[in-house]
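The values are calculated or read from the model by the stated rules, or taken from the named source; none is laboratory data. No experiment lies behind these values; they were computed from the predicted model shown. Using ideal geometry, Cβ is built from the backbone for each residue, glycine included, and neighbour counts are taken over all protein chains shown. Quick note on the areas: whole protein, heavy atoms, side chains included, nothing else; ligands and nucleic acids left out. Shrake-Rupley method; radii C 1.70, N 1.55, O 1.52, S 1.80 Å.
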Amino acid sequence: MFVRIVKMSFHQDKIPVFLEHFHTVKEQIRNYPGNNFLEVYQDKSNPGIIFTYSVWNDETDLENYRHSNLFKEVWAFTKTLFNDKPEAWSVDKLVTLG
């Protein structure tokens with residue numbers, strides 16, 4: 001398994017639009033084959049920055065999602081709300097303390 005972190009920067013007035021849309025698709029994203037976990041975070045000092053944190057079985061699952069109609073629809077809508085280029089990282093989890 002690996003973690004995908006995506007940093008998105010939004011115009012302030014577009015944050016509610018993003019969140020409303022995200023709430024309509026979050027279950028579909030979370031239940032996409034290979035996705036084991038999904039969270040969304042908002043930066044405390046700059047609320048225009050939102051991160052998604054998802055855990056995937058393997059890179060093939062993420063790539064299948066990224067080529068799906070679901071992703072294409074979500075991304076086409078979401079990218080119109082950005083005020084900066086998004087950034088993404090695929091990382092391996094090394095340590096977890098509970």
Taking only pairs that are 8 or more places apart or on different chains, how many Lys pairs in the chain have Cα atoms under 19 angstrom apart?
-> 13
Evaluated at q = 0.21 Å⁻¹: base-10 log I(q)/I(0), Debye formula over Cα of the stretch 26-74 | -0.75
Tilt, helix 15-30 to longest principal axis of the chain (alpha-carbon atoms), in degrees rounded to tens, equals 20
Euclidean distance between Cα centres, the stretch 1-31 to the stretch 36-88, Å | 6
May I ask you to give the solvent-accessible area per residue for the chain, in square angstrom, as obtained with a 1.4 angstrom probe?
-> 66
Applied in sequence order to the stretch 91-98, the curve 6.51 cos²θ - 1.76 cosθ + 1.60 (Karplus, θ = phi - 60°) yields integer Hz couplings, x standing for Gly and Pro, of 10, 9, 6, 9, 9, 10, 10, x
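Loop-only trypsin sites (Lys or Arg not before Pro) in the stretch 2-98, please: DSSP not H, G, I, E or B, and at most 16 other Cβ atoms within 10 Å.
Values: sites: 4, 7, 14, 26, 30, 44, 66, 72, 79, 93; in loops: 44, 93.
Hits after loop and neighbour filter: 44, 93.
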Which distance in nm do the two modelled labels at residue 88 and residue 36 give, with both placed 7 Å along the Cα-to-Cβ direction?
-> 2.0
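Per-residue ellipticity at 222 nm for the chain, helices alone: DSSP H runs ≥ 4 residues times -39500 (n - 2.57), over residue total, nearest 500 deg cm²/dmol?
Numbers: 3 runs with 34 residues, N = 98.
Helices in the chain give a 222 nm mean residue ellipticity of -10500 deg cm²/dmol.
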Rounded to a whole %, the carbon-and-sulfur portion of the accessible area of the chain at a 1.4 Å probe is 53
